[in-house]
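First comes the structure, then the notes that go with it.
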Amino acid sequence: MRFLVFISLISCSFSQSNTQTEISSVKKCGEIVLPQGYSRIDGSDSFFAIYLREIGFKENNTVLLYNGSPKGNQDAHYKVLNIGVGKKDLQQCADAVIRLRAEYLFKQKRFSEIQFHFTSGHLCKWTKYTEGWRPRINGNSVDFVKIAAEDSSPQSFDKYLDLIYSYCGTASLYKELKSKSIDKIEPGDVFIQTGNPYGHAVMVMDVAKNKQGERIFMLAQSYMPAQEIHVLKNPVSDKLNPWYEAKKGVIETPEWTFGSDDLKSW
């Protein structure tokens, strides 16, 4: 595994009219143009910020579902991350957030930090999975038995994530994350809501601030059914799009409404 190399990005003025040519020229998250007067911040986990900014975009800016069909709403996204979605209806909203975090930790070799609670409350650790332990699930009853050979390969990691996607969700992820004030927002934070029958979660991909300390941020999501992860447009501000203002109150995204109090961190 290689650590991604960070390329310093210089703030530049933001054109209010994002032409298709301008959008197509952006090859990764860290190249999305900033409004004038803003510069990117790394936050408390600078390596995570670097990792997120280095994620590339697909050349074909179409969001695909897990079955290969185009998503019905192609107006919600700015760019599509060059990350596969798999062939099962698994990588939905919370799963995409989990994947971005887990794959970062895997590449950093921070294996002991890769662990997530099932909705039932049971903790599933990557380190135990590599030793061959697997959950035996009967309704809400879960125990772990050692039935597989030891395997810490990337292929085994992908299978571990499929397991996590199957038994974790917004409800379990919500409990794992810590509430955070919007004026302290950093790359890698999460906006998340739980609900009945479902909630939603989006990843904060990047954050910048100006000399006055005012912050802006960029979001990415998957959705239902499972689909490719994509950077969201800002539906209420053409001037900032795809950036959002970090201020208290309602945060309107193309397919979900959050509040500033919905911000959490790892």
### Query
Does the range 165-181 include one or more residues that are under 30 Å from Arg215 (Cα atoms), of a type in the set (A, V, I, L, M), in contact with a helix residue (DSSP H, G or I) (Cβ under 7 Å, 6 or more places away or on another chain) and assigned to a helix (DSSP H, G or I)?
yes
### Task
Can you tell me which residue among Gln193, Gln108 is among the polar types (S, T, N, Q), within 19 Å of the chain's Cα centre (by Cα) and assigned by TED's automatic domain parsing to the domain that holds Leu52?
Gln193
### Task
Just name the residue that is surrounded by the fewest Cβ atoms within 10 Å (Cβ to Cβ) out of those in the range 124-160 that are outside any strand (DSSP E or B) and of a type in the set (Ser, Thr, Tyr).
Ser153
### Query
Looking at the range 28-51, is at least one residue out of contact with any His (no Cβ under 6 Å at 6 or more places or on another chain), buried (at least 20 other Cβ atoms within 10 Å of the Cβ) and free of Cβ contacts under 8 Å to residues at least 60 places away in the same chain?
yes
## Note on the structure
Checked against (1) in contact with a Leu (Cβ under 9 Å, 6 or more places away or on another chain); (2) surrounded by 12 or more Cβ atoms within 10 Å (Cβ to Cβ); (3) modelled with pLDDT under 95; (4) farther than 14 Å from Met218 by Cβ, Ser13 satisfies every condition except (2)
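The values are calculated or read from the model by the stated rules, or taken from the named source; none is laboratory data. Since the structure is predicted, the reported quantities are computational estimates derived from the model, not experimental observations. FYI the Cβ positions are ideal-geometry reconstructions off the backbone, even for glycines, and counts take in every protein chain you see.
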